1. Quantify how strongly other chains surround peptide D:86-93 by giving the mean number of their Cβ atoms within 10 Å of each of its Cβ atoms.
2. ³J(HN,Hα) across segment B:29-39 via Karplus (A = 6.51, B = -1.76, C = 1.60, θ = phi - 60°), whole Hz, x for Gly/Pro?
3. Could you order peptides B:60-73, D:28-41, C:13-26 by the average number of other Cβ atoms within 10 Å of their residues, highest first?
4. Percent of accessible area on segment C:10-57 owned by carbon and sulfur, 1.4 Å probe?
5. To the nearest hundred square angstrom, how large is the accessible surface buried between B and D, total for both chains, probe 1.4 angstrom?
6. With respect to the axis carrying D onto B, what is the closest chain D residue by Cβ position, and how many angstrom separate it from the axis?
7. Whole Å is fine, so just give me how far the alpha carbon centre of segment D:17-86 lies from that of segment A:36-100.
8. Hey, can you grab everything whose amide H is under 5 Å from the amide H of residue B:45? Only 5+ residues off in sequence or another chain; H modelled, so Pro and N-termini drop out.
4 protein chains.
Amino acid sequence: MEDCCCTSGKHKHREDEELRRLNNRLSRIEGQIRGLKEMLNNDIYCTDILIQVSAVNAALNSFSKELLANHIKTCVADNIRQGNDEVIDELVTLLQKLMR
Amino acid sequence: MEDCCCTSGKHKHREDEELRRLNNRLSRIEGQIRGLKEMLNNDIYCTDILIQVSAVNAALNSFSKELLANHIKTCVADNIRQGNDEVIDELVTLLQKLMR
Amino acid sequence: MEDCCCTSGKHKHREDEELRRLNNRLSRIEGQIRGLKEMLNNDIYCTDILIQVSAVNAALNSFSKELLANHIKTCVADNIRQGNDEVIDELVTLLQKLMR
Amino acid sequence: MEDCCCTSGKHKHREDEELRRLNNRLSRIEGQIRGLKEMLNNDIYCTDILIQVSAVNAALNSFSKELLANHIKTCVADNIRQGNDEVIDELVTLLQKLMR
């Protein structure tokens with residue numbers, strides 16, 4: 001399959017647009033972490049820093065959700081259609097970890 | 001009080017050792033975010049990236065716990081002792097946000 | 001299909017053994033909630049009650065994980081195999097909600 | 001202190017109004033758990049059950065938040081004012097557990 005991806009040695013080729021969006025999310029998160037450092041070193045009040053950490057957690061969660069949605073729509077669905085059912089257990093195991 | 005901190009315009013002077021530890025945590029998290037970018041751009045399998053995002057979330061959570069513990073032991077306790085009871089409602093409001 | 005389940009009006013026939021296990025989980029959780037009421041009405045210390053609430057949350061989470069695993073292994077996989085691809089978006093939407 | 005509570009053998013006398021509200025929350029949650037059982041035994045679709053589990057988790061979380069807020073405003077603050085500083089470490093330990 002040309003637009004897939006997921007089986008050869010567990011690699012995943014991502015679409016340009018998807019990759020751009022996911023990279024942007026990570027760049028913003030990297031900036032937020034640097035912002036936390038500045039707050040810390042400028043004696044900003046703990047409460048304000050902790051609220052900002054919540055925002056970073058939410059941003060990471062959005063990144064995860066987008067990546068997981070792509071994963072299910074491409075790798076998981078394609079593999080099930082091709083009879084590679086081990087992808088099902090793999091998804092279940094992943095979700096057990098993510099749902100802690 | 002010499003070793004405190006918390007009331008003048010909502011600033012917080014942090015001990016050197018505490019500051020060093022918290023900065024180290026954030027530097028490690030920044031490195032983890034850069035690692036996520038590399039994984040993404042090297043076509044690493046979604047499942048492996050999502051497990052790594054969980055590790056970043058856990059690291060951020062540890063940072064929050066340490067900062068919150070320091071906050072309660074210094075700012076919150078000192079203010080209650082000094083009769084600045086507004087710090088109580090402030091802590092309650094903060095925890096409502098952190099516990100989502 | 002005899003052992004499935006999932007398409008006619010969004011119902012799901014569950015295996016006896018699975019049903020028994022899931023019911024047991026919910027019965028234990030119901031008992032835990034009644035235990036919380038007793039603690040509350042016997043003036044038990046807040047900290048001890050809050051720790052017990054965490055245990056209930058963990059038990060509910062285990063129930064969710066088991067139900068979700070069954071759902072993916074049966075309804076989701078069967079529907080993808082049969083070409084009912086709307087189950088994919090439905091799973092993605094569900095996970096977005098569960099991951100908050 | 002007459003309206004407190006928190007030090008003698010780790011018990012906590014709760015106000016009537018507070019107790020009524022917290023009991024109501026738990027009764028509603030107990031009803032929700034019974035509702036989950038009915039859904040399960042009536043072959044309701046997994047997705048709908050899982051969404052309902054999320055609602056129960058949110059209700060438990062609201063119960064925890066209210067109990068924790070009361071705890072901080074009464075036991076924690078009173079003990080700090082009375083110089084019983086072990087309550088500070090106890091709160092920190094509790095929050096570490098609740099924030100997982």
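The values are calculated or read from the model by the stated rules, or taken from the named source; none is laboratory data. The shown structure was predicted, so the numbers you read here are calculated from the model rather than taken from an experiment. Glycine also receives a Cβ, built like all others from the backbone with ideal geometry; neighbour counts cover every protein chain displayed. Ligands, DNA and RNA are excluded from the accessible area calculation, which covers all protein heavy atoms including side chains. Shrake-Rupley method; radii C 1.70, N 1.55, O 1.52, S 1.80 Å.
1. If you average over the peptide's residues, the count of other-chain Cβ atoms is 4.
2. Those phi angles translate into 5, 4, x, 5, 5, 4, x, 4, 4, 4, 4 Hz.
3. Result, highest mean Cβ count within 10 Å first: B:60-73, D:28-41, C:13-26.
4. C and S atoms contribute 48 percent here.
5. So the buried area, both faces added, is about 1900 Å².
6. Result for the axis mapping D onto B: D:80, 2.
7. If we compute the Cα centre of each part, the gap is 26 Å.
8. A:12
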